[in-house]
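The values are calculated or read from the model by the stated rules, or taken from the named source; none is laboratory data. Quantities reported herein were computed from a predicted structural model and do not represent experimental measurements. Note that we place each Cβ from the backbone using ideal geometry, even for glycine, and neighbour counts take in every protein chain shown.
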Amino acid sequence: MIEAKNVCLRFPNGIRALNEFDLQVNPGDMIYVTGPSGSGKTSLLKLFMGIEYPTSGSLTVLGEPMPSGQTDRIRRLRRLIGPVFQEFKLIDGRTAMDNVLLGMRFLGLPREQIQENAHQALLKVGLEQKAFALVENLSWGERQRVAIARAVARKPVLILADEPTGNLDKNNALKILDLLTSFINDKTAVIITTHATHLIDAEKPGKVIRMDQGNLTWERRG
Ligand SMILES: Nc1ncnc2c1ncn2[C@@H]1O[C@H](COP(=O)(O)OP(=O)(O)OP(=O)(O)O)[C@@H](O)[C@H]1O
Ligand SMILES: [Mg+2]
C-alpha cells in the first residue's frame, strides 16, 4: 500500500523533517509511529496523504507515485484514505452527524449510502446518542471519536490517525486504540502516531516505528 525508498522531506525554511527513510506498509498492517515532538510524525502522515511531497526519494501510496503532478489523481487517492487529524478539524456549529456527512461530500456516493455510512460509523464509535449534538459541546474524547467516525465512514483502505490518544486519560486512550485496531482487515491498514508508547500493548499485533529528528527506525516488526 505504501512503498517509500530514501524519502526526504525538507521544508523551504531548511528544516529537514524526514531523512532518507524506507518503509513498506501492507494491507492488514497496524503501524504505530512513535517519537518525540518535532521528530516528523505528522510530516510522515502528510506525505502519505499527498499534503506534502518528497523532496527526494521515491514514494508510492496505493499505487500512486508521489509527487503526482495531477491534482485529479491526488483527489482520487485521498478518497481511499481516512484521515484523523491531530487537531481534529471538526466544524463547529455543526452536529456530529453533519461532520461525518461532510467527510463524505466528494465521494460521489448516493445520498442513502452516505446516510447509512454515517449512521453506522457513529454507531461503531459509540456516539449514536450524540449524533445530533453540536461538536463544540462534546468532550475531547467524544470529538476524537467523531473525527474517527468521519474518517471510517468513507470506508477507506488506509486510515491515518495523527496522535488520536493525545489529551485522553489512559482508559479512554486505550479504548481509542482498540477502536482503531478494529478497522484492520485484509484490505485495510491503519497507521497511528502516538507519544504514548506505554499504551502500545506488547501482546497486541502491530508494528512499531520510532522517529527521531526525521530518522525512522523499526522498534518491532510485528
Ligand atoms: N510546514 C512546515 N514548514 C516548516 N517546518 C515545518 C512544517 N511542518 C513541520 N515543520 C517542522 O518539521 C519538524 C517535524 O514536525 P512534525 O509536525 O512532523 O513533528 P511531530 O513529530 O508530528 O511533532 P508532534 O509530536 O509535536 O506532533 C519540526 O521541526 C517542525 O517544526
Ligand atoms: Mg504531530
Would you confirm, using the coordinates I've provided, whether Ile176 is touching a Leu at 6+ places or on another chain (Cβ under 9 Å), more than 16 Å from ligand 1 (Cβ to nearest atom) and either within 19 Å of Met1 (Cβ to Cβ) or aliphatic (A, V, I, L, M) (or both)? yes
Of the residues Arg220, Arg150, Arg143, Arg154, which single one is away from ligand 2 (no atom under 16 Å from the Cβ) and in contact with a Phe, Trp or Tyr (Cβ under 6 Å, 6 or more places away or on another chain)? Arg143
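For the condition of a type in the set (A, V, I, L, M), under 30 Å from His198 (Cβ atoms) and touching a residue at least 12 places away in the same chain (Cβ under 8 Å), what is the one hit in Leu80, Leu62, Leu47?
Details: Leu80 fails: under 30 Å from His198 (Cβ atoms); Leu62 fails: under 30 Å from His198 (Cβ atoms).
Residue meeting the stated conditions: Leu47.
Looking only at segment 24-74, which residues are of a type in the set (A, V, I, L, M, F, W, C) and within 16 Å of ligand 2 (Cβ to nearest atom)? Steps first, answer last, please.
Our first condition is that a residue be of a type in the set (A, V, I, L, M, F, W, C); within segment 24-74, this holds for 25, 30-31, 33, 44-45, 47-49, 51, 59, 61-62, 66, 74.
Those that are of a type in the set (A, V, I, L, M, F, W, C) and within 16 Å of ligand 2 (Cβ to nearest atom): Ile31, Val33, Leu44, Leu45, Leu47, Phe48, Met49, Ile51.
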Go through (1) assigned to a helix (DSSP H, G or I); (2) surrounded by fewer than 18 Cβ atoms within 10 Å (Cβ to Cβ); (3) at pLDDT below 95 and name the single condition Leu77 misses. (2)
Out of Lys170, Lys175, report the one residue that is within 17 Å of the chain's Cα centre (by Cα) and either on the phi > 0 side of the Ramachandran plot or not hydroxyl-bearing (Ser, Thr, Tyr) (or both). Lys175
Could you check, for segment 20-31, whether at least one of its residues is more than 21 Å from Ala161 (Cα to Cα) and surrounded by fewer than 22 Cβ atoms within 10 Å (Cβ to Cβ)? yes
Could you list, in sequence order, all residues of segment 157-175 that are under 22 Å from Ser43 (Cβ atoms) and within 16 Å of ligand 2 (Cβ to nearest atom)? Leu160, Ala161, Asp162, Glu163, Pro164, Thr165, Gly166, Asn167
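Being in a strand (DSSP E or B) and within 15 Å of ligand 1 (Cβ to nearest atom) is the filter; apply it to segment 5-19 and report the residue that is surrounded by the most Cβ atoms within 10 Å (Cβ to Cβ). Step through it out loud before you land on a result.
Of segment 5-19, the ones in a strand (DSSP E or B) are 5-10, 16-19.
Going one step further and asking which of them are within 15 Å of ligand 1 (Cβ to nearest atom), we end up with 7-10, 16-19.
Working: Val7: 23, Cys8: 15, Leu9: 23, Arg10: 15, Arg16: 16, Ala17: 22, Leu18: 26, Asn19: 18.
Among residues in segment 5-19 that are in a strand (DSSP E or B) and within 15 Å of ligand 1 (Cβ to nearest atom), the one surrounded by the most Cβ atoms within 10 Å (Cβ to Cβ) is Leu18.
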Gly63 - would you say it is crowded, with 17+ Cβ neighbours inside 10 Å and at positive phi? no
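Regarding Ile15, is this residue touching a Gly at 6+ places or on another chain (Cβ under 9 Å) and more than 23 Å from Lys187 (Cβ to Cβ)?
On the way: touching a Gly at 6+ places or on another chain (Cβ under 9 Å): yes; more than 23 Å from Lys187 (Cβ to Cβ): yes.
So Ile15 passes the test.
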Can you confirm whether Phe48 is among the aromatic types (Phe, Trp, Tyr), in a helix (DSSP H, G or I) and under 17 Å from the mean Cα position of the chain (by Cα)? yes
